[in-house]
Amino acid sequence: MSILVTGGAGYIGSHMVWELLDAGHEVVVLDRLSTGFQWALAPGAKFYRGDIGDRHVLDEIILTHRISAIIHFAGSVIVPESVSDPLSYYDNNTAKSRTLIAAAVEGGVKHFVFSSTAAVYGTHEDMKPVRETARLKPESPYGTSKLMTEMMLKDAAVAHDFNYTVLRYFNVAGADPSLRTGQSTRGATHLIKVACEAALGKRPGIDVFGVDYPTLDGTCIRDYIHVSDLAAVHLLALERMQSGGKSIVANCGYGHGFSVLEVLNRVKSITGNDFPVRFAPRRSGDAVSVVADSTIAHSEFNWIPKYDDLSLILKTALSWEEQLSSREVDLSVS
Ligand code: UDP
């Protein structure tokens, strides 16, 4: 029996593949390499280059490899891009997920772990850590596209012999501490990746999108979780389902947030590089403060984070960014 990882050549997916192989699982990856890289794949994984919307390839993989579980990462993840191009988000994140869920149900796959997002919550006025039972009010097509897939999973699990875990990620950052993989995205827009690139001189500086939010320093607050801690949650969630655990939704974050300026100042102090920071207008789709209450992940999965330390997250991200410079040639080709 093998585990199918969609998007396994991408940032979080490639960490997951290592996590699964380290735990002794057989892994099959399906990735179309639109943003991921084949070199990011752990050598022990079987690889199919293809699209999760391609039912033919899904059926072939599920049958050939006797897939027992699917961990579904493939999708589009940039909030502002989803605002400007919503229909591609509903295609990639919603319509194609429907195809994948149908293939899983009809192919007899019993367990499904889905990469969802804190963007399903939108802004909560009290700015307290958010629980899974909070009102769901996405403020971007990205959040809505993920929420719709959550709904499909819920209904499918009622109708079919199939269970799922929805993991709502907060802000994922950092790299594998052994630097076997990391975030390699071209044209990155996420704060920590952009800040590392600026600190290493790969960009002239960084814009801060909005300094007039109702927070202490006026910039948005996010709960940054180390990618290896996040991969570990998936494995625990899978093991729980394999031993009879029911379908569940769980937040993945540390329960405390940092403002944009706090992150940038920490990157500066770690690297000693005082790169230029420009105050810019707000970015559409941004919520003020997004911090997790991850009680369910702790209690249901016995999850104990190992890397809950902003400096450590930033140091692993910076080390990966440095290593990536030596792969720059590879980055120009898929
Ligand atoms: N951000 C910023 N400058 C950048 C990238 C991001 O000020 O170059 C801010 C962004 O407006 C948000 C926070 O950093 O308030 C986190 O954004 P990111 O894109 O990393 O993740 P998101 O929370 O949108 O998923």
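A short reminder: the numbers here are calculations on the coordinates, not readings from a lab. This structure is a prediction, so every number in the text was calculated from the model and none was measured. Cβ: placed from backbone, ideal geometry, glycine included. Neighbour counts: every protein chain shown.
A few comments on the model shown:
- Taken over the chain, the ratio of Cα radius of gyration to 2.2 N^0.38 Å equals 0.95.
- Every Cα-Cα pair of segment 156-300 was included, and the share exceeding 28 Å stands at 30 percent.
- Rounded to two decimals, the Cα-based Rg/Rh of segment 88-164, with Kirkwood Rh, is 1.03.
- Count of Lys pairs (Cα-Cα under 18 Å; at least 8 positions apart or interchain) in the chain: 16
- Note on the chain: GNM, Cα springs under 10 Å; of V227, V83, V290, the largest mean-square fluctuation is that of V83.
- With each label modelled as a point 7 angstrom along the Cα→C-beta vector, the Q38-M127 pair spans 4.8 nm.
- The charge dipole of the chain, taken about its Cα centre with unit charges on the Cβ of Lys, Arg, Asp and Glu (plus for the first two, minus for the last two), comes to roughly 100 debye.
- Among I225, V194, A156 - extreme Cα towards positive end, dipole of segment 119-259, charges at beta-carbon: A156
- Taking the charge dipole of the chain about its Cα centre, with +1 at Lys and Arg Cβ atoms and -1 at Asp and Glu Cβ atoms, the residue from Y169, G8, P276 reaching farthest to the positive side is G8.
- Whole-angstrom Cα spans of segment 27-109 along principal axes, big to small: 39, 31, 17
- Debye intensity ratio in log₁₀ form over the Cα atoms of segment 1-146, taken at each q of 0.14 Å⁻¹: -0.68
- Sorted largest first, extent of segment 187-229 alpha carbons per principal axis (Å): 31, 31, 16
- Packing rank of 89-97, 156-164, where each peptide gets the mean count of other beta carbons within 10 Å, highest leading: 89-97, 156-164
- For V130, the residues 5 or more places off, or on other chains, whose built amide H falls under 5 Å of its own are V291, A292, D293.
- Averaging the sequence gap over all C-alpha pairs within less than 8 Å and six or more residues apart, then dividing by the number of residues, gives the chain a relative contact order of 20 percent.
- Cβ crowding within 10 Å averaged over residues, with 123-129, 183-189 ranked highest first: 183-189, 123-129
- Nearest 10 degrees, 0 to 90: helix 310-325 Cα axis against the chain principal axis: 80 degrees
- Gaussian network model of the chain, Cα within-10 Å springs - most flexible of E150, E322, E139: E322
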